[in-house]
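Some notes on the structure that comes next.
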Amino acid sequence: MKKTFVLALLVIMIGLLLSCSNDEGPTTGDEGFFSEYSSRNFEMGFSTWAYAPTVASVDNTYDFISSNADVYSEHLDLSVPWDAWMNDKSLPAEFTNEITSRKNRKLPNAKLALSVSLLNNSRNELATDYDGSTPTYTALNDQAIEDAYFKHLVHISNELNPDYLIVAIEGNELLIHDPNKWEQYKLLMTNVRSRIKAEFPNLPISESITLHNLYNPTVDNPDDYIEEVVTYANSLDFAAISFYPFFKGLNDKEGFQDAFDFLHEKITKPIAFAETSHLSEDLTVESFDLFIPGNETEQQDYLETLLTNAQEENYMYVIWWAHRDYDELWETFPEEVKDLGKLWISTGIVNEDGKEKEALDSWETAFYVNN
């Protein structure tokens, strides 16, 4: 009898709770991030940057992307086999193995955004060849340079068959680091893009620019610099943005939004974030005399601001640079690049041990909004 009474009381209480819930409208969870949208206007994904120097980590990275993305980036900020292209020699095995590996892992359920770098990591010179040399030239737009780079892009595009193609990475950095080459760069890339467009007429083509070095730039004549870069970006099929807000000292939603507002005011072409991320913990690099505070909540704030702007401004796609912190991979870096490589080490939305960060919840909320 007592048991029957208790069960009856539970039924009544549950009924009352459900009634209250219906009377009061949506729950707090339904009022959270991205809840006002019934569908997503843009594609979301990651680069294939692995977190450890193992085949398993590469496999896990592609598996994670397959489950959490509808676009992904193959980011080829590598050497260019200049000598082989210029002199009809055999391509270096290191290059062909890299391209073949990425081709064999191509994801069937996601679009591919392919980014290829013309410039070296310092963005002040052409990328080196696989023997460490830089091709000899009179000007960047020498015909031999143009022909070789065109062959390079055609080969990679034929192998990987991308949906979006970025033919140079962070080109505006050259205007900062070696402005005397800027006009040559523009002539070179205008000719290369024209030839690539003839080869792949339906392929959207761009060159990425760094927003962190366009918004409030620390250069001489900043207004002229901004106008030059913006005019160039608006001449492309779409504006491909590289943005790491912690490089600019941005650390709250207001600061993030100011940078986005600047971008939307200046850019007239469709916008894609070709690479971006934000710190989830403090960053210290003693050799750079650098300390930047960070935490998971700040990272989540940036991601939510980014995705909200992507939705409201109808971005083409957003690529978060690395899905997981790469401490294990970083340990294998040569000493001369370890300090540089450390800058992005804690920008994944999964930590180095595989534990999910706060930002992953926001990513999944936006990604699965259609489901």
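For first residues located in the range 88-102 and open to solvent by less than 60 Å² (accessible area, probe 1.4 Å), partners that are part of a loop (DSSP other than H, G, I, E, B) and of a type in the set (Phe, Trp, Tyr) and lie 6+ apart or on another chain with Cβ distances below 7 Å form the pairs PRO92/TYR130; PHE95/TYR130. Taking the criterion of being over 23 Å from the mean Cα position of the chain (by Cα) and either of a type in the set (D, E, K, R) or open to solvent by 20 Å² or more (accessible area, probe 1.4 Å) (or both), the residues of the range 144-185 that qualify are ALA144, GLU146, ASP147, PHE150, LYS151, ASP178, PRO179, ASN180, LYS181, GLU183, GLN184.
How many residues are within 27 Å of ASP70 (Cβ to Cβ) and open to solvent by 30 Å² or more (accessible area, probe 1.4 Å) when one looks only at the range 334-352?
Pass one, the range 334-352, residues within 27 Å of ASP70 (Cβ to Cβ): 344-352.
Filter once more, so that each one left must be open to solvent by 30 Å² or more (accessible area, probe 1.4 Å): 344, 351-352.
Summing the residues that are within 27 Å of ASP70 (Cβ to Cβ) and open to solvent by 30 Å² or more (accessible area, probe 1.4 Å) in the range 334-352 gives 3.
ASP129 fulfils the conditions (1) open to solvent by 60 Å² or more (accessible area, probe 1.4 Å); (2) in a loop (DSSP other than H, G, I, E, B) except for a single criterion, (1). Examine the range 271-281 for a residue that is open to solvent by 50 Å² or more (accessible area, probe 1.4 Å) and under 24 Å from ASN234 (Cα atoms), and state whether such a residue exists. No, every residue in the range 271-281 fails to be open to solvent by 50 Å² or more (accessible area, probe 1.4 Å) and under 24 Å from ASN234 (Cα atoms). What's the number of the condition ASP339 fails, among (1) in contact with a Pro (Cβ under 9 Å, 6 or more places away or on another chain); (2) farther than 20 Å from PHE273 by Cβ? Among (1) in contact with a Pro (Cβ under 9 Å, 6 or more places away or on another chain); (2) farther than 20 Å from PHE273 by Cβ, ASP339 violates only (1).
For the range 158-191, a residue qualifies if it is assigned to a helix (DSSP H, G or I) and among the charged types (D, E, K, R), and the qualifying residues are GLU159, GLU173, LYS181, GLU183, LYS186.
Taking the conditions (1) open to solvent by less than 50 Å² (accessible area, probe 1.4 Å); (2) modelled with pLDDT under 95 in turn, ASN121 satisfies each one other than (1). Scanning the range 197-255 for residues that are out of contact with any Lys or Arg (no Cβ under 9 Å at 6 or more places or on another chain), open to solvent by 60 Å² or more (accessible area, probe 1.4 Å), over 21 Å from SER157 (Cα atoms) and small (Gly, Ala, Ser) yields no hits at all.
All of ASP83, ASP63 fail the test of being more than 29 Å from ALA52 (Cβ to Cβ) and open to solvent by 20 Å² or more (accessible area, probe 1.4 Å), apart from ASP83.
Restricting ASP237, ASP252, ASP258, ASP301 to those that are among the acidic types (Asp, Glu), within 26 Å of PRO204 (Cα to Cα) and within 21 Å of the chain's Cα centre (by Cα) reduces the list to ASP237.
Within the range 31-55, residues that are among the small types (Gly, Ala, Ser) reach partners that are at pLDDT below 95 and surrounded by 12 or more Cβ atoms within 10 Å (Cβ to Cβ) with beta carbons closer than 9 Å, at six or more positions or on different chains, in the pairs SER35/VAL369; SER38/VAL369; SER39/VAL369. For beta carbons closer than 6 Å, sequence separation of 6+ or different chains, a first residue in the range 209-226 that is under 22 Å from VAL167 (Cα atoms) and a second that is open to solvent by 20 Å² or more (accessible area, probe 1.4 Å) and in a helix (DSSP H, G or I), the qualifying pairs are HIS212/PHE247; HIS212/LYS248.
The values are calculated or read from the model by the stated rules, or taken from the named source; none is laboratory data. Note that this is a predicted model, so its numbers are computed, not measured. Note that we place each Cβ from the backbone using ideal geometry, even for glycine, and neighbour counts take in every protein chain shown. Heads up: the accessible areas ignore ligands, DNA and RNA and are worked out on the full protein's heavy atoms, side chains in. Shrake-Rupley method; radii C 1.70, N 1.55, O 1.52, S 1.80 Å.
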